[in-house]
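The values are calculated or read from the model by the stated rules, or taken from the named source; none is laboratory data. Keep in mind that what you see is a predicted model, and the values were worked out from it rather than measured. Here the Cβ positions follow ideal geometry from the backbone for every residue, glycine too, while neighbour counts run over all protein chains shown. With ligands, DNA and RNA removed, areas are computed over all heavy atoms of the protein, side chains included. Shrake-Rupley method; radii C 1.70, N 1.55, O 1.52, S 1.80 Å.
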Amino acid sequence: NFLHDADGIKAHAAKKGKKDFFVFGEVWSYDTAAINAYIQGPGRPRLDSAVDLPLNEALTQVFYRKAPTERLRAALKASRANRPLWVNFLDNHDIERMCARAGLATVKQSLAALFTLPGLPCVYYGTEAGLTRAREDMFTDEKFDLEAPLARCLRELIAFRKEHPALSRGKHRLERTSHGPGLLAWSSVHRGQRLLSVFNTASSPVACDLGGEGLEVLLSSSARRSVAGVFLLDPNEYLVLRGAALP
């Protein structure tokens with residue numbers, strides 16, 4: 001009622017010129033069907049979107065607990081109302097910060113995953129400063145270092161996502177998974193452009209067979225410029241490639 005009644009906040013926002021007043025909520029459930037009920041109704045629309053707790057749990061398992069990368073399949077396949085508007089996140093005030101759970105390479109890799117998945121990436125304040133406590137204050141100068149490693153990483157990822165609409169608007173498909181920590185890949189296709197995001201979550205190199213030659217590297221955690229059709233992916237490495245044609 002607060003959102004959608006004739007005197008509700010959306011109608012009020014529209015009168016102020018804000019015709020696309022976006023509202024998302026927190027539905028504490030790991031069941032996408034239960035969350036959908038808070039978006040679709042019954043009866044009339046409710047929330048526009050919600051934070052994606054099922055995906056958060058799958059990302060936590062795969063990147064931080066080193067579960068099989070196959071664990072992501074069910075979370076990515078599940079049906080979601082208003083799919084492009086679900087809010088993806090890795091940590092918040094209720095969930096232990098990334099930097100308290102793992103080293104810099106793992107944190108960067110998980111952020112790269114966040115920014116190449118469908119949905120809206122949401123970054124908890126202080127991630128750019130490498131904070132480790134859930135509600136840590138930001139009132140010291142050293143926490144505002146724009147050249148800190150994660151601040152630079154986030155600037156790069158934000159700019160990269162804006163530059164490549166396939167990541168936010170494209171058709172997404174899971175391409176490669178493993179029955180342990182290791183290879184993980186998904187594709188994003190939009191208006192003839194195909195991007196492939198590739199990760200190695202294991203502590204040792206893994207062979208990556210993408211079925212093509214001379215693939216263009218658009219984003220790399222290790223300064224790669226190109227890769228062959230078959231190559232070794234280093235531990236915690238991630239790549240985003242263009243022109244990848246998988247069977």
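Data for the structure
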{"quantity": "Close pairs from the stretch 31-55: first without any contact (Cβ under 8 Å) to a residue 40 or more places away in the chain, partner open to solvent by less than 10 Å² (accessible area, probe 1.4 Å), Cβ under 8 Å, at least 6 apart", "calculated": "Y38/A50; D48/I39; A50/I35; A50/I39; A50/W86; A50/V87; L53/I35; P54/I35"}
{"quantity": "E237 touching a strand residue (DSSP E or B) at 6+ places or on another chain (Cβ under 6 Å), of a type in the set (D, E, K, R), open to solvent by less than 40 Å² (accessible area, probe 1.4 Å) and under 30 Å from D94 (Cα atoms)", "calculated": "yes"}
{"quantity": "So L183, is it at pLDDT below 95 and either touching a Phe, Trp or Tyr at 6+ places or on another chain (Cβ under 8 Å) or open to solvent by less than 60 Å² (accessible area, probe 1.4 Å) (or both)", "calculated": "no"}
{"quantity": "Whichever residue in the stretch 38-88 is aromatic (F, W, Y) and buried (at least 20 other Cβ atoms within 10 Å of the Cβ) and, among such residues, is farthest from V123 (Cα to Cα)", "calculated": "F63"}
{"quantity": "Lone qualifier among A14, A6, A50 - being touching a helix residue (DSSP H, G or I) at 6+ places or on another chain (Cβ under 8 Å) and more than 22 Å from C153 (Cα to Cα)", "calculated": "A50"}
{"quantity": "Qualifying position, being at pLDDT 95 or above, under 22 Å from C122 (Cα atoms) and in a loop (DSSP other than H, G, I, E, B), among K18, K108", "calculated": "K18"}
{"quantity": "Residue in the stretch 190-221 that is least open to solvent (accessible area, probe 1.4 Å), counting only those that are free of Cβ contacts under 8 Å to residues at least 24 places away in the same chain and touching a strand residue (DSSP E or B) at 6+ places or on another chain (Cβ under 8 Å)", "calculated": "S220"}
{"quantity": "Close pairs (7 angstrom Cβ cut-off, 6 or more residues apart or separate chains): farther than 18 Å from R194 by Cα in the stretch 153-178, open to solvent by 50 Å² or more (accessible area, probe 1.4 Å) anywhere", "calculated": "C153/K108; L154/V123; L154/E128; T177/E70; T177/R73; S178/E70"}
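A quick yes/no check of all residues on (1) part of a helix (DSSP H, G or I); (2) hydroxyl-bearing (S, T, Y); (3) out of contact with any His (no Cβ under 7 Å at 6 or more places or on another chain):
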residue: T116; (1), (2), (3): no, yes, yes
residue: V123; (1), (2), (3): no, no, yes
residue: L146; (1), (2), (3): no, no, yes
residue: R152; (1), (2), (3): yes, no, yes
residue: I158; (1), (2), (3): yes, no, yes
residue: L167; (1), (2), (3): yes, no, yes
residue: G180; (1), (2), (3): no, no, yes
